[in-house]
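For reference, the structure is listed below as structure tokens.
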2 protein chains.
Amino acid sequence: MPTQWYNIMADMPNKPLPPLHPGTKQPIGPEALTPLFPMELIKQEVSADRWIDIPEEVQDLYKIWRPTPLHRAYHLEKALGTPAKIYYKNESVSPAGSHKPNTALPQAYYNYKEGVKRITTETGAGQWGSALSFACQHFGIELKVFMVKVSYHQKPYRKMMMNTWGADVVPSPSDQTEAGRHILSKYPDSPGSLGIAISEAVEMAAKDDKTKYALGSVLNHVLMHQTVIGLEALKQLEIAGDYPDIVIGCFGGGSNFAGISFPILRYNFTEGKKTRVIAAEPASCPKLTRGQFQYDFGDTEGLTPLIPMFTLGHNFVPDNIHAGGLRYHGAGAIVSQLLKDKLIEAQSVKQLETFEAGVLFARTEGIIPAPESTHAIAVAIREAQKAKEEGKSKTILFNLSGHGFIDMSAYDQYFAGKLQDHEVTDVEIKESLALLDKVL
Amino acid sequence: MPTQWYNIMADMPNKPLPPLHPGTKQPIGPEALTPLFPMELIKQEVSADRWIDIPEEVQDLYKIWRPTPLHRAYHLEKALGTPAKIYYKNESVSPAGSHKPNTALPQAYYNYKEGVKRITTETGAGQWGSALSFACQHFGIELKVFMVKVSYHQKPYRKMMMNTWGADVVPSPSDQTEAGRHILSKYPDSPGSLGIAISEAVEMAAKDDKTKYALGSVLNHVLMHQTVIGLEALKQLEIAGDYPDIVIGCFGGGSNFAGISFPILRYNFTEGKKTRVIAAEPASCPKLTRGQFQYDFGDTEGLTPLIPMFTLGHNFVPDNIHAGGLRYHGAGAIVSQLLKDKLIEAQSVKQLETFEAGVLFARTEGIIPAPESTHAIAVAIREAQKAKEEGKSKTILFNLSGHGFIDMSAYDQYFAGKLQDHEVTDVEIKESLALLDKVL
């Protein structure tokens, strides 16, 4: 098991542009983040060190479920009749059922070490919220979760999990913050979005000296904590005598994608390896494939710093797909820079294709995947089929970011023929980005 | 990983009495089971060999999630302030979320090898049904699951999991069998029971030459397949330099209990070890602590052979507790003989105590347990507290048979104060057993 996280900032050719103050639009330093985060996480956020030590207490907690298994998907390969070798890293075996505890535990740990007693956060499908509930419960920190309203209703079991771990969960937009009340006054029936929920959580933390905020994706330190996934996978592949030609992760804010791919991108940068790295995003929220690279807010109300990112505009409210964790308007600064520099690729997938892939995976490999993870599976299947057409053996690695036990109703709707594809129109994207021009 | 299953029949001091024909009441031989089971499983059912080889194909499938982790519950120990060391074997990491695939896969395998194309089964909480769905899907066998009606409605996600793995699921009692119609004519609102569901599944298989039946607990071969749990645990404990003073499993039909405990009982029988082995059953279905040892049917309609067992009577319909997998009127022949000979112990636990234990476990160890498994946790906590009172260090091992992701609504009801304790009265037990006397 790794004892250090990998920081890609040390090796990427072009570093991301700096974040800007939301008011002055001037570059900000680390001190601007102190109302929201403990100092140790801010240091990690701006660090240029290649390796960051994982605290022993966090390593001990990782041992509850890490190292996670790396599997060769023999039965899926057989069903596809592909010459490709497909491997997947199974992050679904964590207590919360996804990769999210990899960063929830260190974030709660650093807050605990600095005496923080209360944290706010947001969650989409609930994977992040439940992971942070588990972590905060462990360190005796009180947690308030703003859960995107559509997911709150679609995924009641997730809310119950968070309650079981002692967290307070409210559907967002809520009437507990100015940001929430503002949205509700304009759109009383708003299904919510990660951007709105972030506004609520950030506002509540910023207004209270004793409360900090935690984010489950997007930021550098979060992506870095997830690199345990890729570091373990590389060692496991080495034991199997293999190295990936293609690496795939589903993409919401970028955390599981970065986790599986950054330690492999490192060898592209430093040793001339040529692994293709592919982000799999939903066709209904296509920021990487159809968004624009520019400064934008991380939240809907414009409370966060401006970040250089591929974005659909922070007012973009995606369709209510079941992959709630991928319903986010923007990408983090590092991933956006990598995409801009054409060092990674992106593909979008429609909802029906993702469920088709998820069912095939469940029936061949035995694990029912989360709707988010089915995006990575769908792209892995595309690439395996391409290998078949080309008659080439390729080694494909994807991250199974979470299981779908909590999302069975989505599968039920799929089998009942109630799910539809929704692709965003060019006009919708243009309008959302035009709004952005007005604000900035 | 073990390459053989352990058969306790080779080592137990008194062998169980033989099964009797349901009509003639005379002892039956293996040939009587051929309409229901493939020959290889019947051989295992009556085998006296200490070790049975695990087929390589099954070993390969076990590798999807085995060996399962053995954890020391440091955080639970700390919360209890106990000098006891508490270990748990985590069977929740399997694709279906419980220990049930350990026997579902070999059962499906042997049926497949003998050309069986269709299987019927019953399921309570759905753990067994989903495990067998996964296994049958793998081997291309069609599966029909009779799911106890109350669980069918309490646990819709379990049904959806079975559908995702391609199985056909009907609530029991159903109108698809004589047994089901008979019950419905007497009790139109019957919540169902495992006994009723077994009647339906057995009837359907017995009437069709091309259909076999599979059972998830009770029978010797099923219990034997589960011994991979205890065999692994012993090896893992050896690495930790430990050996259990107390072993605990929750108890429905006996499969996870036998799985964790039989390989340890072996050393009680053969090497004079004195490990206490405790079955944890619900107070609302107390066959081991308050039932009677006698011949009884495995099902409600009297279609199965008569088995020598601790029973509450095959007509007993337990309260609708959330631990649906433990709502069974009887215990298997081997476990019943062991209890009669005082080689194992039993404790009953009320529902509220089990959920209290489950929440404490989730908040300390991070894993949300299945309602069935919380019975084992509750007894482990009792024994750890007793060790504290006595000021003695004890090594306690329990089996975490499954996770509770599918049972979150049970936790929700617990937090909302909607769950109640239900203890069976002596009169109810007496009446149920009196009915039995009339039949036999």
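The values are calculated or read from the model by the stated rules, or taken from the named source; none is laboratory data. Owing to the predicted nature of the structure, the values given are computational and were not obtained by experimental measurement. With ideal geometry, Cβ positions are generated from the backbone for all residues, glycine too; neighbour counts draw on all protein chains shown.
Points worth noting:
- Close contacts from the range A:373-394, counting a first residue that is over 30 Å from A:ALA410 (Cα atoms) and touching a residue at least 12 places away in the same chain (Cβ under 8 Å) and a second that is in a loop (DSSP other than H, G, I, E, B) and among the β-branched types (Val, Ile, Thr), with Cβ to Cβ under 7 Å and a gap of 6+ residues or different chains, come to A:ALA387/A:THR82; A:LYS388/A:THR82.
- Filtered by the rule that a residue be assigned to a loop (DSSP other than H, G, I, E, B), of a type in the set (Gly, Ala, Ser) and touching a residue at least 24 places away in the same chain (Cβ under 8 Å), the range A:224-257 gives A:ALA240, A:GLY252, A:GLY253, A:GLY254.
- Number of the exception - B:GLU365 against (1) within 14 Å of chain A (Cβ to nearest Cβ); (2) within 18 Å of B:PHE415 (Cα to Cα): (2)
- Matching entry among B:ALA79, B:ALA96, B:ALA125 (being in contact with a Leu (Cβ under 9 Å, 6 or more places away or on another chain) and surrounded by fewer than 22 Cβ atoms within 10 Å (Cβ to Cβ)): B:ALA79
- Candidate set from the range A:92-119 (those that are touching a Ser or Thr at 6+ places or on another chain (Cβ under 6 Å) and not in a helix (DSSP H, G or I)); member that is farthest from A:GLY216 (Cα to Cα): A:ARG118
- Qualifying residue in the range A:378-401 (condition: within 14 Å of chain B (Cβ to nearest Cβ), at pLDDT 95 or above and crowded, with 24+ Cβ neighbours inside 10 Å): yes
- Odd one out for A:GLY358, checked against (1) under 19 Å from the mean Cα position of the chain (by Cα); (2) in contact (Cβ under 8 Å) with a residue 60 or more places away in the chain: (2)
- You will find that of B:THR68, B:THR24, the residue that is of a type outside the set (Phe, Trp, Tyr) and surrounded by fewer than 16 Cβ atoms within 10 Å (Cβ to Cβ) is B:THR24 and no other.
So that you can scan it fast, the table gives a plain yes or no per residue for (1) crowded, with 24+ Cβ neighbours inside 10 Å; (2) within 14 Å of chain A (Cβ to nearest Cβ):
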| residue | (1), (2) |
| --- | --- |
| B:VAL359 | no, yes |
| B:PRO369 | yes, yes |
| B:ASP407 | yes, yes |
| B:LYS438 | no, no |
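- In the range B:7-46, residue nearest to the chain's Cα centre (by Cα) [restricted to those that are of a type in the set (Gly, Ala, Ser) and part of a loop (DSSP other than H, G, I, E, B)]: B:GLY29
- Flag for B:LYS207 being over 16 Å from the mean Cα position of the chain (by Cα) and among the basic types (Lys, Arg): yes
- Single match in A:GLN236, A:GLN226 (criterion: modelled with pLDDT of 95 or more and either over 13 Å from A:TYR88 (Cα atoms) or in contact with a Cys (Cβ under 6 Å, 6 or more places away or on another chain) (or both)): A:GLN226
- Single condition A:ASP209 does not satisfy, out of (1) in a helix (DSSP H, G or I); (2) away from chain B (no Cβ under 14 Å); (3) surrounded by fewer than 24 Cβ atoms within 10 Å (Cβ to Cβ): (1)
- Filtered by the rule that a residue be surrounded by fewer than 24 Cβ atoms within 10 Å (Cβ to Cβ) and in contact (Cβ under 8 Å) with a residue 60 or more places away in the chain, the range B:111-122 gives B:LYS113, B:GLU114, B:VAL116, B:LYS117, B:ARG118.
- Enumeration of residues in the range B:167-192 that are touching a strand residue (DSSP E or B) at 6+ places or on another chain (Cβ under 6 Å) and modelled with pLDDT under 95: B:GLY192
- Positions within the range A:311-338 being in contact with a Phe, Trp or Tyr (Cβ under 6 Å, 6 or more places away or on another chain) and either outside any loop (DSSP other than H, G, I, E, B) or among the aliphatic types (A, V, I, L, M) (or both), in sequence order: A:ALA331, A:SER336
This table checks each residue for (1) small (Gly, Ala, Ser); (2) surrounded by fewer than 22 Cβ atoms within 10 Å (Cβ to Cβ); (3) within 18 Å of the chain's Cα centre (by Cα); (4) more than 29 Å from B:GLY358 (Cα to Cα).
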residue: B:GLY249; (1), (2), (3), (4): yes, no, yes, no
residue: B:CYS285; (1), (2), (3), (4): no, no, yes, no
residue: B:THR300; (1), (2), (3), (4): no, no, yes, yes
residue: B:HIS322; (1), (2), (3), (4): no, no, yes, no
residue: B:HIS329; (1), (2), (3), (4): no, no, yes, no
residue: B:ASP341; (1), (2), (3), (4): no, yes, no, yes
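- First in the range B:407-418 and in contact (Cβ under 8 Å) with a residue 40 or more places away in the chain, second anywhere and of a type in the set (Val, Ile, Thr) and assigned to a helix (DSSP H, G or I), Cβ under 6 Å, 6 or more apart: B:TYR411/A:THR164
- Matching residues, the range B:47-91, being within 14 Å of chain A (Cβ to nearest Cβ) and assigned to a loop (DSSP other than H, G, I, E, B): B:LYS63, B:ILE64, B:TRP65, B:ARG66, B:PRO67, B:THR68, B:PRO69, B:ALA73
- Unique match (being surrounded by fewer than 22 Cβ atoms within 10 Å (Cβ to Cβ), closer than 20 Å to B:THR227 by Cα and out of contact with any Gly (no Cβ under 6 Å at 6 or more places or on another chain)) among B:ARG290, B:ARG276: B:ARG276
- Members of the range B:93-133 that are modelled with pLDDT under 95 and within 14 Å of chain A (Cβ to nearest Cβ): B:VAL93, B:SER94, B:PRO95, B:ALA96, B:GLY97, B:ALA125, B:GLY126, B:GLN127
- Residue that is farthest from A:ASN256 (Cα to Cα), among those in the range A:408-440 that are at pLDDT below 90 and among the charged types (D, E, K, R): A:LYS438
- The range B:222-239, residues that are surrounded by fewer than 24 Cβ atoms within 10 Å (Cβ to Cβ) and touching a Leu at 6+ places or on another chain (Cβ under 8 Å): B:GLU232, B:GLN236, B:LEU237
- Any chance A:GLU345 is away from chain B (no Cβ under 14 Å), among the charged types (D, E, K, R) and crowded, with 24+ Cβ neighbours inside 10 Å: no
- Scanning the range A:296-310 for residues that are touching a helix residue (DSSP H, G or I) at 6+ places or on another chain (Cβ under 9 Å), touching a residue at least 60 places away in the same chain (Cβ under 8 Å) and in a strand (DSSP E or B) turns up A:ASP296, A:PHE297, A:ILE307, A:PRO308.
- Selection of the range A:140-193 for residues being more than 14 Å from chain B (Cβ to nearest Cβ), in contact with a Ser or Thr (Cβ under 8 Å, 6 or more places away or on another chain) and outside any strand (DSSP E or B) yields A:LYS149, A:SER151, A:PRO173, A:THR177, A:ALA179, A:GLY180, A:ILE183, A:LEU184, A:GLY192, A:SER193.
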